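The values are calculated or read from the model by the stated rules, or taken from the named source; none is laboratory data. None of the values given here were measured: they were computed from a predicted structure. No Cβ is skipped: glycine too gets one built from the backbone with ideal geometry, and neighbour counts run over all protein chains shown. Each accessible area value is taken on the protein alone, full model and side chains, heavy atoms only, with ligands, DNA and RNA left out. Shrake-Rupley method; radii C 1.70, N 1.55, O 1.52, S 1.80 Å.
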Amino acid sequence: MRQIDVHPVIDNARFSRFHWMVMALCALLLIFDGYDLFIFGVVLPSIMQQWNLTPIEAGALGSYALFGMMFGALAFGTLADRIGRKKGIAICFVLFSTATILNGFASSPTEFGIFRFIAGLGCGGLMPNAVALMNEYAPKRLRSTLVAVMFSGYSLGGMLAAGVGIYMLPRFGWESMFFAAAVPLLLLPLILWKLPESVGFLVRQGRHEQARAVLAKVEPGLRLEASDQLQMSDGKGQGVGVFELFREGRALRTLCLWLAFFCCLLMVYALSSWLPKLMANAGYSLGSSLSFLLALNFGGMAGAILGGWLGDRFNLGKVMVAFFVAAAVSISLLGFKSPTPVLYLLIFVAGATTIGTQILLYAGAAQFYGLSIRSTGLGWASGIGRNGAIVGPLLGGALMAINLPLQLNFIAFAIPGAIAALAMALFTLSGQRRQAANAALTAAKA
C-alpha cells in the first residue's frame, strides 16, 4: 500500500486538457457573474430617469447587491468547505441567475433592491469558491497565471454587459438586460457534469476512489492502484473557523489582505457604478459613456493576465503594490480634461489596476492560506472587502449629490489605491520576515 501526498502530484503536473476544462468552466461562470454585477452601472442612468432617483438613492440601490455579496462570500465560502465546492458553486450560480431574471420584472426601487440583494448572495459566494477550485488544481509554476486568466472572465462579463447595453438599452429598455440572464441557466447541466469536485474535499470525506479518478485526470502519467491511500499534507481537519486565519503568524497579513480587499473593491464598484453617469454629466452621450465602461473592463482583463504572469515570475505582493500605485495615479488623472485617446488610455489603466488587481488579490489570498482553510480565508477576505464595495456606490452618490467638481470626485476614488498599496507593502514585508525567521530556525535545528 502506497501513501501518496496529493499536493506534489498537483503542483508538478503537466498542464493538460483537464486544466483547460477547469479553467474554461470557472471562467464561464465568472463571465455570467461579472455580467450580473456590472449590469447596474449600465442601467443606472435609465432607472434614475424612470424612477426619479436622487444620486444618494441610486447609490444606496447599487449597494444592495453588494450587501448580498458580503453575506454570500462569508456564508458560501465557509459552507463549501463543508459540502464541497462543486455544490457550493452550483447553488450560487442558480441563485444569482434566477434573481437577476426576476430583476427585470421589478416595478419599484424596493423590489429592484430585494432582487439585487438575492443576486448578490449568489455572486458573492461563487467568486471565492471558483478561485479556490482553480487554485487547487493549477500546477504550482502556473498558478497565478491560470487563476488570473480564469478570473478575466469577470472582466469579460463586464464588457458583455456594456456591449449588450449599447445595443439593447435604446431598443428594448433596461428590463431586457436582466432577462438576458436566462441564457446562462441553460448551461447548468454542463457545469454539473464537467466541473470536478475539490480533490481535497474528497480526501477529507474519505471518498478515495473518486479522488483517485480525479487525480488520474490531473496527472495522466500517474499510475494509481486501488490500494493506494491519498493524503493531504495540510488536510488535518475541517479548519473552517475564522480564528484559524489568525493563527500560526497569519494575523497581520490577514488584516492587511482585508484592508487591501476593502480599498480595491471600493474603487472597482465606485467606478463601475458611476463612471457612465459621471461621463454623461461631463457631456458624453450614453453610448460613449458605456464605451468607457467597456474600456474599463477590457483593461481589467488585460491587467489580470499581465499581473498573473508577472506574479509567477516575480513576487506577487510587490506586483500588487505597483498596480495599486498606478491605480491611484490613473484614477486621479481621469478628472482632468484630456484628449479622447488619452482618456481611454487612463480608463484602461484604471481598469487594469483595480479590476485586475482585485483578481490578483484573490490569487494571492489563495496562495497564502492552506488548503483546509482556503475557502474560508477567501470567503472572509472577499466578505470584508464587500464592505468597500458597498461604500463605493454610496460614496459616488454622496459626491454627486454635493456637486463637487469632476476632478475631486475622481481624486476621492483614488485615495483608497494609495492605502491599499501601503497595506500590500506591509503584507509582503511581513511575509519575507517570517520566511527569513523560519529559514534561520531550520538552520539552527540542522
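Using only the Cα atoms of the chain, each taken as one equal point scatterer with no solvent, compute I(q) by the Debye sum, divide by I(0), and report log10 of the ratio at q = 0.07, 0.10 Å⁻¹.
Normalising to I(0) and taking log10 leaves -0.33, -0.67.
Listed here are the pairs 277/318; 194/318; 217/318; 140/194; 318/445; 140/217; which of them are more than 26 Å apart at the Cα?
277/318; 194/318; 217/318; 318/445
Just the number please: accessible area per residue for the range 273-357, 1.4 Å probe, all protein chains included, in Å².
The answer is 38 Å² per residue.
Top mean-square fluctuation among 168, 23, 320, Gaussian network model of the chain, C-alpha springs under 10 Å?
Taking springs between Cα atoms under 10 Å, the residue moving most is 168.
Using +1 at the C-beta of Lys and Arg and -1 at the C-beta of Asp and Glu, which of 390, 132, 115 has the Cα lying farthest in the positive direction of the dipole of the chain?
Most positive-ward Cα: 132.
Fully extended, how many nm does the chain gain between residue 444 and residue 422 (0.36 nm per residue separation, minus their Cα-Cα distance)?
4.6 nm
So if I take the centroid of the Cα atoms in the range 152-229 and the same for the range 403-439, what is the distance between those two points in Å?
So the two Cα centres are separated by 32 Å.
What is the gain in length, in nm to one decimal, between residue 54 and residue 87 on full extension, counting 0.36 nm per residue of separation less the C-alpha to C-alpha distance?
7.9 nm
Work through the residues other than residue 433 whose Cβ is under 14 Å from its Cβ and net out their charges, Lys, Arg +1 and Asp, Glu -1.
Taking every Cβ under 14 Å from that of residue 433, the sum is +3.
Just the accessible area per residue of the range 9-69, please: how many Å² with a 1.4 Å probe?
For the range 9-69, the solvent-accessible area averages 35 Å² per residue.
Find how many whole Å separate the alpha carbon centroid of the range 270-325 from the alpha carbon centroid of the range 1-39.
25
Multiply the residue gap between residue 185 and residue 171 by 0.36 nm, knock off their C-alpha separation, and tell me the result in nm, one decimal place.
Net length gain for the segment: 2.6 nm.
Tell me the label-point distance for the pair residue 314, residue 105, using the 7 Å Cα-to-Cβ offset, in nm and rounded to one decimal.
In this crude spin-label approximation the distance works out to 5.2 nm.
Kindly provide the helix-only [θ] at 222 nm of the chain, computed as the sum of -39,500 (n - 2.57) over DSSP H runs of four or more divided by all residues, to the nearest 500 deg cm²/dmol?
Here the helix-only value at 222 nm equals -27500 deg cm²/dmol.
Using the Cβ atoms and a cut-off under 13 Å, what net charge is assigned to the surroundings of residue 67, where Lys and Arg are +1 and Asp and Glu are -1?
Details: positive: 116, 386; negative: none.
Once positives and negatives cancel, what remains is +2.
Mean Kyte-Doolittle of at least 0.0 and a Cα length of 24 Å or more along the axis: which whole DSSP H helices of the chain meet both? Kindly include the intermediate steps, with their values, before the conclusion.
Details: long enough: 17-51 (49 Å, 1.25); 55-83 (41 Å, 1.01); 85-103 (27 Å, 0.98); 109-137 (42 Å, 0.66); 143-172 (43 Å, 1.02); 251-281 (44 Å, 1.41); 286-313 (41 Å, 0.94); 316-333 (26 Å, 2.09); 340-368 (40 Å, 1.39); 374-401 (41 Å, 0.61); 406-445 (60 Å, 0.88).
Length and hydropathy pass: 17-51, 55-83, 85-103, 109-137, 143-172, 251-281, 286-313, 316-333, 340-368, 374-401, 406-445.
Check the straight Cα-Cα distances from residue 87 and name the aspartates and glutamates below 17 Å, setting aside those fewer than 8 residues away within the same chain.
Leaving aside aspartates and glutamates fewer than 8 places away in the same chain, those within reach of residue 87 are 33, 136, 197.
Once the other residues with Cβ under 13 Å from the Cβ of residue 201 are scored (Lys, Arg +1; Asp, Glu -1), what is the net sum?
Within the 13 Å Cβ shell, the charges total +4.
Using the 2.2 N^0.38 Å rule of thumb for compact globular proteins, work out how the range 289-446 stacks up: its C-alpha Rg over that value, please.
Against the compact-globule rule of thumb, the ratio is 1.20.
Tell me which trypsin sites (Lys or Arg not before Pro) from the range 1-73 have a DSSP coil assignment and no more than 16 other beta carbons within 10 Å of their own.
Details: sites: 2, 14, 17; in loops: 2, 14.
Listed in order of number, the matching sites are 2, 14.
Who wins for biggest fluctuation among 124, 300, 59 in a Gaussian network model of the chain, springs between alpha carbons below 10 Å?
Largest GNM mean-square fluctuation: 59.
Kindly provide the trypsin sites (Lys or Arg not before Pro) of the range 245-310 that DSSP labels as loop, not H, G, I, E or B, and whose Cβ sees at most 13 other Cβ atoms within 10 Å.
For trypsin sites (Lys or Arg not before Pro) across the range 245-310 that sit outside H, G, I, E and B with at most 13 neighbouring Cβ atoms in 10 Å, the list reads 247.
Could you work out the longest stretch of the chain that avoids the GluC sites (Glu not before Pro) located in DSSP loops with at most 13 other Cβ atoms within 10 Å?
1-224
What residue among 85, 204, 143 has the largest mean-square fluctuation in a Gaussian network model of the chain, using Cα springs under 10 Å?
Ranking 85, 204, 143 by mean-square fluctuation puts 204 first.
Compute the Kirkwood hydrodynamic radius of the range 1-130, taking the inverse of the mean of 1/r over all pairs of distinct Cα atoms, and give it in Å to one decimal.
It works out to 16.3 Å.
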